[in-house]
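Structure first, commentary second.
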Amino acid sequence: MINVRTDLAIEARQIYKEENNDEDTDGIVVEEVEEEGTKITTVRILNEEGAKNMGKPIGNYITLDIPEFTAYDGELMDDVSKVLGKTLKKLVNLSEDKLVLVVGLGNRKVTPDALGPKVIEGIMVTRHLKAIMPETIDDSIAPVAAIAPGVLGITGVETGEIIRGLVEKIKPDLVICIDALASRKIERLNRTIQISDTGISPGSGVGNHRMQINEQSLGVKVIAVGVPTVVDAATIANDTIDLVLDDLIRQSEDGKEFYNMLKKVDKDEKSVLIREVLNPFVKDLVVTPKDIDLMIDSLSKIISNGINIAVQPNLTVEDINKFLN
């Protein structure tokens, strides 16, 4: 069972392998491909055993590892948006008369948590046009609604309750949720997009477990799209000490007392100790990169464009951009 804080299935699988002599758990299938410079890894959790060992629900988890400087390069951003759109389209698989509800989770006043609300600003919203002015919009354009419901601390209402009420009212055929996630690796921050068909738990990335938003709670298929924007401070400390220990072991003489002492260090016990030592001082501290403002702006554009491409299969990117502008 995975006990390190991470929302990424690809990391959960790696942690399991590290803890079990590089062996994969039963009930897991992993596929890797590369498309237009973006590595795509699909982790399929097939049964309850795989779900238990991974700490994730049964379903499909698709991870896009985007090139390092994507956020600074408009052409790269467009390439990643197209790959994301193509990947999402396979999961969406709806005709143009089906309604899609896009939900941007998170707190727009907290930059690392503002990804969802920022994505909503770039969504091609058409439901009102098809309902009020059907003669002004082509039949090939799919109806799309969007909402950024805020967070419990501001609204006083569970996000899941808001979404469930809206779903009962407008009856969408699909819900797409966007949220900020947590990673266990610094190098994955703002460099990974995860897509899953298992729904999402708002706030889970920072330890605030709220009502699940999934097919069971809403009665409609839910696709989740997320990007890790924070990493647990205790995880950073733990990984740093691991690197120091590994380096000391390499420099020590095999068989000597110091070498043997280092080899006997239990990494699981060390991780627990680090959390116990840090907790009185930093509690559940999470860390985010200093350029998070720029990264959230760029990633929100990539994701909104990708969603637009996926839910509007009859339109070109140019058509979508004209509509938004």
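The values are calculated or read from the model by the stated rules, or taken from the named source; none is laboratory data. All values derive from a computational prediction rather than experimental measurement. Quick reminder, even Gly has a Cβ in these numbers, built from the backbone with ideal geometry, and neighbours come from all protein chains shown.
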| request: Output the number of residues of region 152-185 satisfying the condition of being surrounded by fewer than 19 Cβ atoms within 10 Å (Cβ to Cβ), in contact (Cβ under 8 Å) with a residue 40 or more places away in the chain and assigned to a loop (DSSP other than H, G, I, E, B). | output: 4
| query | Going through region 85-112 one residue at a time, which ones are modelled with pLDDT of 90 or more and of a type in the set (Gly, Ala, Ser)? | reply | 85, 104, 106
| remark: Only one of 18, 49, 11 is within 17 Å of the chain's Cα centre (by Cα) and among the acidic types (Asp, Glu), namely 11
| query | Does region 31-48 contain at least one residue that is at pLDDT below 90, exposed (fewer than 14 other Cβ atoms within 10 Å of the Cβ), assigned to a loop (DSSP other than H, G, I, E, B) and of a type in the set (Asp, Glu)? | reply | yes
| Does residue 304 satisfy the condition of being closer than 24 Å to residue 10 by Cα, in contact (Cβ under 8 Å) with a residue 60 or more places away in the chain and over 17 Å from the mean Cα position of the chain (by Cα)? | no
| said: Pairs needed: first member in region 269-287, modelled with pLDDT of 80 or more; second member anywhere, assigned to a loop (DSSP other than H, G, I, E, B); C-beta distance under 9 Å; at least 6 residues apart or different chains. | reply: 286/5; 286/207; 287/189
| Can you tell which of 236, 292 is at pLDDT 85 or above, under 30 Å from residue 111 (Cβ atoms) and surrounded by 12 or more Cβ atoms within 10 Å (Cβ to Cβ)? | 292
| task | Please note which helices (runs of 4 or more DSSP H) are completely contained in region 211-325 and include at least 2 residues that are charged (D, E, K, R) and within 29 Å of residue 85 (Cα to Cα). | result | 292-311, 317-324
| query | Which residue, of 155, 192, 159, 126, is closer than 14 Å to residue 300 by Cα and hydroxyl-bearing (Ser, Thr, Tyr)? | reply | 192
| query | Hey, among the residues in region 179-212 that are among the β-branched types (Val, Ile, Thr) and under 17 Å from residue 9 (Cβ atoms), which one's modelled with the lowest pLDDT? | reply | 200
| field | Lone unmet requirement of (1) at pLDDT 85 or above; (2) within 30 Å of residue 103 (Cβ to Cβ) for residue 249 | value | (2)
| query | Any idea which residue in region 130-151 is farthest from residue 101 (Cα to Cα), counting only those that are of a type outside the set (Lys, Arg), touching a residue at least 12 places away in the same chain (Cβ under 8 Å) and not in a loop (DSSP other than H, G, I, E, B)? | reply | 131
| Across region 60-74, what is the total count of residues that are in contact (Cβ under 8 Å) with a residue 40 or more places away in the chain, of a type in the set (Asp, Glu) and assigned to a loop (DSSP other than H, G, I, E, B)? | 1
| task | Filter region 99-140 down to residues that are of a type in the set (D, E, K, R) and surrounded by 15 or more Cβ atoms within 10 Å (Cβ to Cβ) and give me whichever is farthest from residue 290 (Cα to Cα). | result | 130
